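Undergrad: I have a structure I would like to understand better, so I am pasting it below and will then ask my questions one at a time.
The values are calculated or read from the model by the stated rules, or taken from the named source; none is laboratory data. Just so you know, these numbers come straight off a predicted model, no measurement behind them. FYI the Cβ positions are ideal-geometry reconstructions off the backbone, even for glycines, and counts take in every protein chain you see.
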Amino acid sequence: MYNLPRFLNFRGRPTAALSIDVPPTPTDDEPFIPPGIEDMSPTEAVIPNTLVPIRPYRFHPKRNAWKHVPMPGSTEEIRDLLEDDDSPRYASSMRIITWNIDFMFDHKEERLLSALRYLQHDVFACKEGEAPFEPCVICLQEVHESVIPVLLNDEWVKQSFSVTPVTKEKWPEGARYGNVTLVSKLLRVVKCDILHYGHTDMDRAALAVYIMLNEPEPSIEKAVICVVNTHLESLPRGAIARPRQMELAARFLKQVDVRGGVVVGDMNAISQEDAGLAMEVGLRDAWRRGDRDEAGFTWGYQGQNEGGYPAARLDKVLYLPRRGYKLDEPERIGKGAKVKGLEVDQWISDHYGLQTVLRMVARRNSA
């Protein structure tokens, strides 16, 4: 565990924050590291951001236990994988799903299991006993601490995915709910981190999973793509924290030896100012129709809304615009999805989820 204001890049060297007012345009050769969040006010105490390396876990039937997945032990080993022409071929695309499954509603276990069955049968069209046939990453927010054992005991999850984290101990101290990422066994995970945001009253974090992919033929070059699962500060009072949390989440994609990737999750974009946060830190929105198009709204239709807020596009898929990969425009999932078998009528979540596909792009043969 170590404190930020600075990230360590893949070469193990600190990358200092830039003391500038306007962020430069990120390039492939020299990633932009935005200013840290510590430049608040001279009278305001700021808890340091904390970056915690974590491991993904995979279920081993013979041992009837979850065991951590072997990963490269050093930066040099990751780079060796990138440069090794004889290493195995990796996937060249992956479906990415993000879904805030709501920690507040009753029937938490039933709702989680219904969410998993919805993903299994309605999204991936898996038959009983089948894993998804395509590589995929499922980013969940608001996973309540009480349902982690339920998630890990689910047969579809045990058969199909690596999971990180597998205990609440990796979330910010005192958090009752947090982010969990499921990674298809068809994908190669090379590194995982969780960043505990320093400026948060709600124990929010960014969970980063680094995945090795291949460009398709003829280039077949390997690349590390980072998938960041985050949940930004909620409510109007969280407006001061969201810009700083967004820029920290974006830093994961801009590290040396990372091709780029996505930041997905519940961005709590409830104000006009929130609409521009991604662009301010060099990210682009995979949804191309703007925040006012109701076809993109993900919250406000299903369940809790004690504040009486209007429906809005709270959940987003953001990406770093670089050559070598592209994203499909996100589609909503979970619309109208309810828990089956309860005597009361219950939504799975007050949020819709989103799904997209990230595809590596082949370079032209220069020969």
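Undergrad: Give just the number: which of (1) in contact with a Lys or Arg (Cβ under 7 Å, 6 or more places away or on another chain); (2) farther than 21 Å from ALA249 by Cβ; (3) surrounded by fewer than 17 Cβ atoms within 10 Å (Cβ to Cβ) does PRO321 not satisfy?
TA: With respect to (1) in contact with a Lys or Arg (Cβ under 7 Å, 6 or more places away or on another chain); (2) farther than 21 Å from ALA249 by Cβ; (3) surrounded by fewer than 17 Cβ atoms within 10 Å (Cβ to Cβ), PRO321 is out only on (2).
Undergrad: Output the residues belonging to the range 223-243 that are of a type in the set (D, E, K, R) and modelled with pLDDT of 95 or more.
TA: Selection gives GLU233, ARG242.
Undergrad: Moving to a separate point now. Taking the range 226-250 as the region of interest, how many residues are in contact (Cβ under 8 Å) with a residue 40 or more places away in the chain and surrounded by fewer than 24 Cβ atoms within 10 Å (Cβ to Cβ)?
TA: Pass one, the range 226-250, residues in contact (Cβ under 8 Å) with a residue 40 or more places away in the chain: 227, 229-231, 235, 240-241, 244-245, 247-250.
From what's left, surrounded by fewer than 24 Cβ atoms within 10 Å (Cβ to Cβ): 235, 240-241, 247.
Going through the range 226-250 one residue at a time, the tally reaches 4.
Undergrad: Outside any loop (DSSP other than H, G, I, E, B), modelled with pLDDT under 95 and under 24 Å from PHE103 (Cβ atoms), is that true of ARG332? So that I can check it myself, show each step before the final result.
TA: On the way: outside any loop (DSSP other than H, G, I, E, B): yes; modelled with pLDDT under 95: no; under 24 Å from PHE103 (Cβ atoms): yes.
It is false that ARG332 is outside any loop (DSSP other than H, G, I, E, B), modelled with pLDDT under 95 and under 24 Å from PHE103 (Cβ atoms).
Undergrad: Further, regarding this structure: Going through the range 325-359 one residue at a time, which ones are polar (S, T, N, Q) and more than 16 Å from ALA311 (Cα to Cα)?
TA: Once the filter is applied, which keeps residues that are polar (S, T, N, Q) and more than 16 Å from ALA311 (Cα to Cα), the range 325-359 yields GLN346, GLN355, THR356.
Undergrad: Filter the range 274-295 down to the residues that are more than 13 Å from ALA250 (Cβ to Cβ) and in contact with a Pro (Cβ under 8 Å, 6 or more places away or on another chain) and list them by number.
TA: Of everything in the range 274-295, those that are more than 13 Å from ALA250 (Cβ to Cβ) and in contact with a Pro (Cβ under 8 Å, 6 or more places away or on another chain) turn out to be ALA286, TRP287.
Undergrad: For ASP86, only one of the following conditions fails: (1) over 24 Å from GLY261 (Cα atoms); (2) at pLDDT 95 or above; (3) among the acidic types (Asp, Glu). What is its number?
TA: For ASP86, the exception is condition (2).
Undergrad: For the range 163-219, enumerate the residues that are more than 17 Å from the chain's Cα centre (by Cα), closer than 17 Å to ALA241 by Cβ and touching a residue at least 40 places away in the same chain (Cβ under 8 Å).
TA: Within the range 163-219, GLY198, HIS199, THR200, ASP201 meet the criteria.
Undergrad: Continuing with the same structure: Return only the number of the condition from (1) under 30 Å from ARG79 (Cα atoms); (2) hydrophobic (A, V, I, L, M, F, W, C); (3) surrounded by 21 or more Cβ atoms within 10 Å (Cβ to Cβ); (4) in contact (Cβ under 8 Å) with a residue 60 or more places away in the chain that LEU283 does not satisfy.
TA: Every listed condition holds for LEU283 apart from (4).
Undergrad: Additional query: So, ALA175, is that one more than 21 Å from VAL264 (Cα to Cα), of a type in the set (A, V, I, L, M, F, W, C) and not in a strand (DSSP E or B) or not?
TA: no
Undergrad: I'd like to verify a number: residues in the range 343-364 that are modelled with pLDDT under 95 and acidic (Asp, Glu), how many?
TA: Selection size over the range 343-364: 2.
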